[in-house]
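Taking it in order: structure first as structure tokens, then the write-up.
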Amino acid sequence: MSFPWEAIDGGAGGLARRDEMKPDGRRLTLYRLGSGEAVREDRDGTGASDETDAGRERHP
Amino acid sequence: MTERRYDPTTGEWVTFATHRQSRTYKPPADFCPLCPTRPGAAETEIPHPSFEVVSFDNRFPSFGGHAPPPSIGGTDLYPVEPASGRCEVVVYSDDHDTTFAELSAERIRMLVDVWVDRWQALGAQDDIGYVMPFENKGEVVGTTLSHPHGQIYGYPEVPPRPLRELRAAQAHLGRTGRCVECDVVAAEMADGRRLVDTDAGWVAWVPFWARFPYEVHIAPRRHRPSLGHLEEPDRAALARVLQTVARSYDALWGFSLPYVMAFHQRPTNDDEAWDPVSHLHVEFSPPNRSADQLKYLAGSELEGGAFVTDVAPEDAAARLREARDRVGPGLR
């Protein structure tokens, strides 16, 4: 099952969220800095930080 | 057994969650359920090899979205209800060995956004009347998992202590026409003796009436009813003040100070009606009264509801300011 990242803080940068469902039905939400490019470039799907995270400039 | 039973002698509900007796209890670091899932290792609560911040439904909730029917029948004298609500875990970092105080300003700023997001998500649920993010830090306040994390409870209605605050605020508003917390913030700014940290938007201080010797409250200078009312630069400034207070605690006696930290804010049912008397604030309640002595809740506090505090708030604030200054620059 594919879980998309969703920008929740608007504009460039900010916060992105990805809702998942655990096997027992519980919600799990990953949060990461960045939206836009950072979300689209999350190639491994882990939500882990990377150097291209556009949102980092938002939170110095 | 998960249910709420009503105490007709006090007018308060007590929640029973007997399944929590079997929750994970002080596991060794290799078996921490809040760590990321390492390749080849057993899956933890977070099935990813790394993460920044994660929120998930508590495996051992006190309240649930699909609460089972009560195990016992209620009466007019003893009402019983399903324990409806939500219990969430917020994991601050994938680093098992860090603490909230040691997080970067960037990460704490991110946590503020996460708390806002969860407040909005939980507050939108019809069966939730009050959302309280909190952190229990340290074994002496009952923490069973040392991995840095907090919790968020979505209560079915306003819990007793915030309700007492709101009723006191309503009385103050009726008497003066003003928000009591706005008046407290202004009084502390004018007095100065109990201040721990200030900036253009926020104030941290030891309350005039502190129940715990090193209790600290943090509130916005302007009237903001809830986390959901915070815009920039309020959010970034809150992160800075939270970090300053947490690091000052650790500098106070040179060890990672235990505490209970909680957000008090506007109820999420009948929400706008509460706006004039709801002033968002954070309360830190550390149990220590000295480096090696704890403040216990005993006869007067537990049975009388009357706190007796061992340290003058003005002295506690002075010591915390000294600790803050030892932390040094770099927080802002």
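Just so it is clear, none of the values below were taken in a lab; they were calculated from the coordinates. Everything numeric here is computed off the predicted structure, so don't read it as measured data. Positions of Cβ are backbone-derived with ideal geometry, glycine not excepted, and every protein chain shown enters the neighbour counts.
Among the cysteines of the protein assembly as shown, B:87 have no other cysteine beta carbon within less than 4.7 Å of their own. The fewest-to-most ranking of A:31, B:296, B:25 by surrounding Cβ atoms within 10 Å reads B:25, B:296, A:31. The simple spin-label model puts a point 7 Å past each Cα toward its Cβ; for residue B:14 and residue A:19 those points are separated by 3.6 nm.
What's the local net charge at residue B:274, with K and R +1, D and E -1, over the other residues with C-beta under 13 Å away? The partial results should precede the final answer.
Working: positive: B:167, B:224, B:266; negative: B:157, B:165, B:181, B:270, B:271, B:272, B:275.
For residues surrounding residue B:274, the net value is -4.
With r defined as the distance between the Cβ atoms of residue B:272 and residue B:41 and R0 fixed at 56 Å, what FRET efficiency is calculated, to the nearest 0.05? Can you show the working numbers first?
Details: r = 49 Å, r/R0 = 0.87.
Computed FRET efficiency for residue B:272 and residue B:41: 0.70.
Sorted fewest first by neighbouring Cβ atoms within 10 angstrom, B:132, B:261, B:1 come out as B:1, B:132, B:261.
Placing unit charges on C-beta atoms (Lys and Arg positive, Asp and Glu negative, everything else neutral), compute the dipole magnitude of chain B about its Cα centre in debye, rounded to 20. Provide the component values of the computation, followed by the final result.
Values: 34 positive and 48 negative charges, 112 e Å.
Dipole about the Cα centre, nearest 20: 540 debye.
Determine the shape class of the range B:207-332: with a ≥ b ≥ c the square roots of the Cα gyration tensor eigenvalues, call it rounded for a/c under 1.5, and otherwise prolate if a/b is greater than b/c, oblate otherwise. Judged from the Cα gyration tensor, the range B:207-332 comes out oblate (a/c at least 1.5, b/c at or above a/b). Between the amide H of residue B:74 and those of B:80, distances stay under 5 Å, these residues lying 5 or more places away or on another chain, with hydrogens modeled in the peptide plane.
Averaged over its residues, how many other protein chain Cβ atoms are within 10 Å of peptide B:79-91's Cβ atoms? Write down the numbers at each step before the final one.
Numbers: counts 0, 0, 0, 0, 0, 0, 0, 1, 0, 3, 1, 2, 1.
For peptide B:79-91, the averaged partner shielding equals 1.
Taking the number of other C-beta atoms within 10 Å as the exposure measure, put B:157, B:181, B:139 in order starting with the fewest. Mind dumping the intermediate values first?
Working: B:157 14, B:181 22, B:139 11.
In order of increasing Cβ crowding within 10 Å: B:139, B:157, B:181.
Å³ per residue of the Cα convex hull, for the protein assembly as shown?
Details: hull volume 62.2 nm³, N = 392.
Spread over its residues, the Cα hull of the protein assembly as shown gives 159 Å³ apiece.
Amide H to amide H distances under 5 Å link residue B:288 with B:295, where only residues 5 or more positions off or on other chains count and H is placed in the peptide plane.
The mean number of Cβ atoms from other chains found within 10 Å of a Cβ in peptide A:21-28 is 5, as a whole number. Could you tell me whether the range B:142-291 comes out rounded, prolate or oblate from its Cα gyration tensor? Rule is a ≥ b ≥ c as square roots of the eigenvalues, rounded for a/c under 1.5, then prolate if a/b exceeds b/c, otherwise oblate. In terms of gyration-tensor shape, prolate. Going by a ≥ b ≥ c, the root eigenvalues of the Cα gyration tensor, does chain B fall in the rounded group (a/c under 1.5), the prolate group (a/b larger than b/c) or the oblate group? Taking the square roots of the gyration eigenvalues as a ≥ b ≥ c, chain B is rounded. Look at the dipole of the range B:248-329 built from charges on Cβ: of B:280, B:299, B:313, the Cα furthest out on the positive end belongs to B:313.
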